[in-house]
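The values are calculated or read from the model by the stated rules, or taken from the named source; none is laboratory data. Everything numeric here is computed off the predicted structure, so don't read it as measured data. Cβ: placed from backbone, ideal geometry, glycine included. Neighbour counts: every protein chain shown.
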Amino acid sequence: MSALLAAAVTVLFWASAFVSIRSAGGAYSPGALALGRLATAAVLLAAIALIRRVGWPNRRAWPGILTSGLLWFGGYMVFLNWGERLVDAGTAALIVNVGPILIALLGVRLLGEAAPRSLWLGIAVSFAGTVVVGLSMSGGGGSSLLGVLLCVLAAITYAIGVVAQKPALRHGSALQITTYSALVAAVALLPFAGVLAHESADAPVSATLNMIYLGVGPTAIAFTTWAYALARTSAGKLGATTYVVPALVVLMSWLFLGEVPGWLTLAGGVLCLAGVAVSRRRAGRVAAPVVAREESAQVR
């Protein structure tokens, strides 16, 4: 139950990021926005880690920290920010949401995770819902080849980062792994510091506040709760829960942006939610033994 609640916090924050990215993205370029977001998260997480006296990570955690920090925390955000400027919403939603499928495949291949039929059926239903939502909300804009490639890179780096983070969580806490991953990403994005400083001088206050919010909520908090949930469930099943995000985006766009969804959009959102429910249908029967085995292995 605690893992499910943590996952719920994550998807709520990640869905809310849609509204903030639309505001901040108008004033900040992709690299500068990613650096500002990650620098905010890194400073906040580092302060919390110091207060809680979180020490240096175990050396066995560092391969996962470096991989997830560079590819997921850093690369994914730059690729996604950039790609969404070059493709329409439908194309971006379609490509980026291949991520959970890749996570499930990599989880089976690299982590030896089980992939029950309910997981694949749920992913298929949710992905279909994502396509419906994306196409129905698309403004009909064009898609460049570069934009498509950037969205593909975003999906790939997201999937590899999640799968790399899973083993690292055996050797450190969620806060510890998230903090150092954010620090690695922030350092890697320092080449954008000059651009960030220049754009900050001209950016409206609302855009800067939204960038800070992205660092605090959808990054510092959401990535930590994600890591907490990932340590207690399989990467494939947790990845499938992110298909709730498109449905929440539809609702939040309706509430905060006044974008009234059409029936096709609502139908897609329902499909997303139904798919997640199907993918987790048997989770309650298997999650407890899995967690028990992991905890037993850690004690030994």
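What to note about this one:
- Some residue of segment 99-106 being more than 24 Å from Ala193 (Cα to Cα) and touching a His at 6+ places or on another chain (Cβ under 6 Å): no
- Check on Ala42, hydrophobic (A, V, I, L, M, F, W, C) and in contact with a Ser or Thr (Cβ under 8 Å, 6 or more places away or on another chain): yes
- Of the residues making up segment 53-73, those that are assigned to a loop (DSSP other than H, G, I, E, B) and either modelled with pLDDT of 95 or more or surrounded by fewer than 12 Cβ atoms within 10 Å (Cβ to Cβ) (or both) number 3.
- Only listed residue being at negative phi and free of Cβ contacts under 8 Å to residues at least 60 places away in the same chain, chosen from Ala182, Ala155, Ala174, Ala168: Ala174
- Only residues that are small (Gly, Ala, Ser) and more than 20 Å from the chain's Cα centre (by Cα) were counted across segment 180-211, and they come to 8.
- From Gly268, Gly194, residue being small (Gly, Ala, Ser) and in contact (Cβ under 8 Å) with a residue 12 or more places away in the chain: Gly268
- Pairs where the first residue, in segment 210-227, is under 13 Å from Thr179 (Cβ atoms) and touching a residue at least 24 places away in the same chain (Cβ under 8 Å) and the second is hydroxyl-bearing (Ser, Thr, Tyr) and crowded, with 24+ Cβ neighbours inside 10 Å, C-beta under 7 Å, 6+ apart: Phe223/Thr178; Thr224/Thr178; Ala227/Thr178
- When Met211, Met252 are screened for being in contact with a helix residue (DSSP H, G or I) (Cβ under 8 Å, 6 or more places away or on another chain) and within 23 Å of Gly161 (Cα to Cα), only Met211 passes.
- The residue pairs whose first member lies in segment 31-43 and is closer than 16 Å to Leu80 by Cβ, whose second member is in a helix (DSSP H, G or I) and among the acidic types (Asp, Glu), and whose beta carbons are closer than 8 Å, counting only pairs six or more residues apart or on different chains, are Ala32/Glu199.
- Hits in segment 95-119 (condition: touching a residue at least 40 places away in the same chain (Cβ under 8 Å), in a helix (DSSP H, G or I) and not aliphatic (A, V, I, L, M)): Gly99, Pro100, Gly107, Ser118
- Top-ranked residue of segment 1-31 - restricted to ones that are assigned to a loop (DSSP other than H, G, I, E, B) and either of a type in the set (Ser, Thr, Tyr) or modelled with pLDDT under 90 (or both), ranked as farthest from Ser206 (Cα to Cα): Met1
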